[in-house]
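Since the structure comes first, as structure tokens, the remarks are kept for the end.
The values are calculated or read from the model by the stated rules, or taken from the named source; none is laboratory data. Because the structure is a prediction, the values reported are computed rather than measured. With ideal geometry, Cβ positions are generated from the backbone for all residues, glycine too; neighbour counts draw on all protein chains shown.
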There are 2 protein chains.
Amino acid sequence: MVKAIASSEEMPSAMHKMIDPDMALRLVVEAAERLEPVEVELGHSVGLVLAQQVAADRDYPPFNRAMMDGYAVRLSAAGGAVAVIGELAAGGVWERPLTDGQALEIMTGAPCPEGTEAVAPKEVVDRQGETVRLPESLKQGQNIAPRASACPAGRVLIDQGEPITPLTVGVLATVGRAQLRVYPRPRVGIVSTGGELIGVDETPGPGQIRNSNGPMIAAYACAMGLEAPRVVEAADTPEALATALERVAAAEIVVLNGGVSAGKYDLVPQALTAFGAELVFHKVTQKPGKPLLFARRGRQLFFGLPGNPLSASFGFHRYVAAAIRKMSGRRPQPEGGKGRLTDGFRVKGDRTVFQPARVEAGATGWRVAIQRNIDSADIFNIHHANAMVRLDPPVEECLAGAEVGFEWMSL
Amino acid sequence: MVKAIASSEEMPSAMHKMIDPDMALRLVVEAAERLEPVEVELGHSVGLVLAQQVAADRDYPPFNRAMMDGYAVRLSAAGGAVAVIGELAAGGVWERPLTDGQALEIMTGAPCPEGTEAVAPKEVVDRQGETVRLPESLKQGQNIAPRASACPAGRVLIDQGEPITPLTVGVLATVGRAQLRVYPRPRVGIVSTGGELIGVDETPGPGQIRNSNGPMIAAYACAMGLEAPRVVEAADTPEALATALERVAAAEIVVLNGGVSAGKYDLVPQALTAFGAELVFHKVTQKPGKPLLFARRGRQLFFGLPGNPLSASFGFHRYVAAAIRKMSGRRPQPEGGKGRLTDGFRVKGDRTVFQPARVEAGATGWRVAIQRNIDSADIFNIHHANAMVRLDPPVEECLAGAEVGFEWMSL
């Protein structure tokens, strides 16, 4: 379902005509720049992206490691009784080499002394005072993890650009990386506009509704691991918008919502221009979210999302989230897949439709259940959606069982 | 691949024999109790689970809402020119009913006055001074979202027990829930033991290795949205363990790692008993992580994970994560699926094997790429794993293309 990206020569003069959703995404990704790496403590690194390569500082295991509690012996001891010369716990070292006729009691994780050929588990031996009787069969290397068998010193363990998972943290801790260079996450500022909007804790008068987009967009940012964004509410006047833009000036990404259509009170495009931002595009051939606006001022990015909640949600998760991922060092494009519709679905119009859906793993692949909204202001009936199905024109009707492409929402 | 859960009558005296991984998980889930709900601000609720039902406080839309910028008119105006009686922005109200021969200029989001039958988009009309000419065709209800069409007042929007996503936050903000009752997440404390362990920022002497499990387990907890756990290191003595347990006493879940085998320096079981905890089980017929220990003291849970990093990782993501989910109000069982092996894989022994794997969506279902570790101390070679494949005995060899069950890791 995904169209080929147009080559550079086809790049439109974005402000003069509508562009399609692939071009819009491409322009966002091109404009977003990966942030400068910063140093963080290992304990605060999970979820970030590594900005350096990490290699093994020494061999792993760093010594021939006993894998069980038992006795380090030579193979010549098989079937016989040998003298127990001492005991070695994990963390200790036995300096002298082991010779024939000797056994060293050894604990899991301890280094086998030079000359050790096997570790006989304590469950299979017969210890009597200072002597231990060994089983008939001992194998070379039995219960010994040889030095460097997991990884030799110097081998690259984790590449620059890899996301840091808990398992990665385990690897980084092992090799002694208490501090790491990582790509930080951008800061997001939110400006909500709209004369009909009141706060969540206020009681709406006639004609008023509560501002749901500000909290929803902030929650998207938090769910992506960002610091809770600053949310500023602005009246529909040039002065109020200018003040609001100044108040979120420290954010690398500013999300405005409302005020981006072509109406009398849609002042966001002019306010951004007055603020010194260059408009990159305005209006995308997509449903929902046609009036999407994107502008930049140096490295600072501005997204104007429509005021309708579904349009705002979609605009965030497809375009703003891509910029956040790129700035954070991740692959910017939304992850997606293909799955089969549980029910039929009909599409109208000539724009690319992105329809909320609940996608779940089925026996033979993804099952895609369309969530039906009343209009682009309706998020009540689609709040279980975790993906957006993409339907490009001229598709008009998809039957149950049809294969469709989808993009995961950035949850 | 998943075995049926044994009924209560079959419940073993867990301390006297090894139990299987299903019974172990069941005992953990039974012991973990959902935490008491707390009140949080909407802005801090994303990722938590709702502990109350939420219904619509009024109709949505709360009025017949204009869906486009244009003119509110009666159908009788079709094809004619009518008087523009005024202008209504979003947030305002027009008190008088609209009558034949009248048009009200209206903005998206504003309430249509009584008597409105259609909103004609401004792009299709011809405005001349105080008169507007309308198109030949107007439809009843055109561009009007009727009051209550998305949701009538009183309808339950979100059930108790639902996880709070960004879209849910949008719904909750709309209906005015500035404060919410949610299930909090448990606090986790970590106690690392092992004479061979040094800190991440220290230089290992002979026989020593850095403590990787403490940071890895802390990272797992952070990745699940929990506060960064307190990590305490304890020497292998009863006194040191007792002190360490006191230091993490405020945590609902205590994860100990190391010291759970049956060796001379494996003092965790005794330390827990001395601390007043009841041992629920010790040793599970699984690989890795056979010496897994689980104990409780009232509502406080204790997990003794083996010191080997892969065993510790698996023990966290299968058992500790299940307890965290249950306490947080989520479905406790690990999510899983079935997929096809990209390469063959051979299994030895009579325990259930959980093997790290990278699972990705393929064209016809899940593709399961086994990650091959050297031993259960090796996380270098498996750190791209995102799932654990489950192979129950007597399976010995799985060929490429074979269907296997897997459980997602709690990342």
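Observations on the model:
- Hey, residue A:256 under 28 Å from residue B:176 (Cα atoms) and either among the basic types (Lys, Arg) or buried (at least 22 other Cβ atoms within 10 Å of the Cβ) (or both) or not: yes
- Residue within the range A:223-237 that is in a helix (DSSP H, G or I), over 24 Å from residue A:387 (Cα atoms), more than 12 Å from chain B (Cβ to nearest Cβ) and out of contact with any Phe, Trp or Tyr (no Cβ under 7 Å at 6 or more places or on another chain) present: no
- Subset of the range A:353-411 [assigned to a loop (DSSP other than H, G, I, E, B) and within 21 Å of the chain's Cα centre (by Cα)]: A:384, A:385, A:386, A:409, A:410, A:411
- Put simply, of B:72, B:78 the only residue that is among the small types (Gly, Ala, Ser) and buried (at least 20 other Cβ atoms within 10 Å of the Cβ) is B:72.
- Any strands (runs of 3 or more DSSP E) falling wholly within the range B:256-350 and containing at least 3 residues that are more than 15 Å from residue B:21 (Cα to Cα): B:293-297, B:300-305, B:336-341
- The lone criterion from (1) within 11 Å of chain A (Cβ to nearest Cβ); (2) of a type in the set (A, V, I, L, M, F, W, C); (3) touching a residue at least 60 places away in the same chain (Cβ under 8 Å); (4) not in a loop (DSSP other than H, G, I, E, B) left unmet by residue B:167 is number (3).
- Residues (assigned to a loop (DSSP other than H, G, I, E, B) and in contact with a Ser or Thr (Cβ under 8 Å, 6 or more places away or on another chain)) located in the range B:201-222: B:211, B:212
- Residues of the range A:81-96 satisfying the condition of being surrounded by fewer than 22 Cβ atoms within 10 Å (Cβ to Cβ) and part of a loop (DSSP other than H, G, I, E, B): A:89, A:92, A:93, A:94, A:95, A:96
- The listed residue being crowded, with 18+ Cβ neighbours inside 10 Å and within 32 Å of the chain's Cα centre (by Cα), out of B:263, B:195, B:207, B:214: B:214
- Within the range A:178-218, the set of residues being of a type in the set (Ser, Thr, Tyr), in contact (Cβ under 8 Å) with a residue 24 or more places away in the chain and at the interface with chain B (Cβ under 9 Å from one of its Cβ atoms) comprises A:212 only.
- The combined condition, being under 20 Å from residue B:258 (Cα atoms) and either at pLDDT 95 or above or assigned by TED's automatic domain parsing to the domain that holds residue B:119 (or both), is not fulfilled by residue B:156.
- Under the condition of being touching a Ser or Thr at 6+ places or on another chain (Cβ under 6 Å) and on the phi < 0 side of the Ramachandran plot, the residues counted in the range A:286-299 number 3.
- Screening the candidates A:157, A:104 for the property of being more than 30 Å from residue B:174 (Cβ to Cβ), within 35 Å of the chain's Cα centre (by Cα) and part of a strand (DSSP E or B) yields one hit, A:157.
- Residue count for the range A:14-47 satisfying the condition of being buried (at least 18 other Cβ atoms within 10 Å of the Cβ), touching a residue at least 40 places away in the same chain (Cβ under 8 Å) and within 11 Å of another protein chain (Cβ to nearest Cβ): 4.
- Residue A:99 surrounded by 20 or more Cβ atoms within 10 Å (Cβ to Cβ), away from every other protein chain (no Cβ under 12 Å) and of a type in the set (S, T, N, Q): no
- In the range B:231-242, the residues that are in the same structural domain as residue B:218 (by TED's automatic domain parsing) and without any contact (Cβ under 8 Å) to a residue 40 or more places away in the chain reach residues that are surrounded by fewer than 16 Cβ atoms within 10 Å (Cβ to Cβ) and aliphatic (A, V, I, L, M) with C-beta atoms within less than 8 angstrom, at least six apart or across chains, in these pairs: B:238/B:274; B:242/B:274.
- Applying the criterion of being at pLDDT below 90 and charged (D, E, K, R) to the residues of the range A:361-396, the residue that is surrounded by the fewest Cβ atoms within 10 Å (Cβ to Cβ) is A:396.
- Filter result (under 29 Å from residue B:257 (Cα atoms), of a type in the set (Asp, Glu) and within 13 Å of another protein chain (Cβ to nearest Cβ)) within the range B:340-389: B:375, B:378
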